[in-house]
Every structure is written in C-alpha cells, then in structure tokens.
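Encoded as structure tokens, the structure appears first; notes follow it.
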Amino acid sequence: MFSIFLRCNHQRRRYLPRRDLTTKEAMLVELETRSQRLSERLERSRLKGRTITVKFKFHDSTIMTKSLSSTTLISDKENIIQSVKTILENALLNDKQVQLLGIRISNFELATEKQKPHNDMQLRLF
C-alpha cells in the first residue's frame, strides 16, 4: 500500500495549509497536489493500482475512509483525481472541519506484468 497524507495544521510539514479545511472544493485543491506526487512515485516504482482510498481525519479526531475500486489499473494523475472527485462527491462530511487528508492506492500490479497482481507490496517511504 502507498499513501500520501496531508496534515492541515501540523507545523513541521512544508505542504500544509494553515487552517482546517471545511469545503470540498478546498479539499480537492489540496488533494490534487497530493495526486501529482502520488502519480510520480507510482511511475518511478513502475506500479499501478486498482483501489484509491481517501482518508479524512476531522477536528474532533474521528477518522473516516472512503474507497473506490476500478477494473482498470490507475497510476496517472488524471485518473487518481477523477477517483478522488467521485469519493468527495459521495462523502458525507456534514460540514465538519477536516484536519488531515490522505490518498492511498492499493491492489498493485507492476507495470511490466499484466496479469500478476501484487497485493502484498509496499513502497518504502524514502
């Protein structure tokens, strides 16, 4: 599994917004940046995945995850963003303040091996 998380009010991360996110539009802007980074790492690792998961951690410390699986392999920014948009449209956020956002991709397959899934793979963090 490969994840990119975005903490909204954590001071040590350089890519953090300065406030909690309250609108889906603001969340999408932040997730688009993460999608680019995720697609670049997938390309470098020559991996593609089938399931995109978005993790929401709210201001009250509750956590919600929503996933979307595809029949086709995903590794490019456009398909990741499309999946994220679908997840955001269907997520019931109830106007809660989002403190942390994350995108995860799973159900990997190497780009060079068409029919051999690698569900137990995990990328290194660095």
Fill in: Over region 13-87, volume per residue of the alpha carbon convex hull, in Å³
100
Discussion item. Can you compute 3J(HN,Hα) from phi for each residue in region 48-62, using the Karplus curve 6.51 cos²θ - 1.76 cosθ + 1.60 with θ = phi - 60°, rounded to whole Hz and x for Gly and Pro?
Written reply: 9, x, 10, 10, 9, 10, 10, 10, 10, 10, 8, 4, 8, 6, 7
Practice prompt. Pull up all non-local amide H partners of Gln97: gap of 5 or more, or a different chain, and H-to-H distance under 5 Å with H placed in the peptide plane.
Written response: His59
Worksheet entry | Cut-off 12 Å between beta-carbons: net charge of the residues surrounding Thr53, Lys and Arg +1, Asp and Glu -1 | +4
Discussion item. At a 10 angstrom cut-off on C-beta neighbours, averaged per residue, how do the peptides 101-107, 88-94 rank from highest to lowest?
Written reply: 101-107, 88-94
Worksheet item: To the nearest 10 square angstrom, what accessible area does Arg50 show with a 1.4 Å probe?
Response: 80
Practice prompt. With all protein chains present, calculate the accessible area of Val29 using a 1.4 Å probe and round the result to the nearest 10 Å².
Written response: 90
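The values are calculated or read from the model by the stated rules, or taken from the named source; none is laboratory data. Predicted model only: the values in this text are computed from it and were never measured. Heads up, the Cβs are rebuilt from the backbone with ideal geometry, glycines too, and the neighbour counts pull from every protein chain shown. Remember, those area values only see protein heavy atoms, side chains included, never the ligands or the DNA or RNA. Shrake-Rupley method; radii C 1.70, N 1.55, O 1.52, S 1.80 Å.
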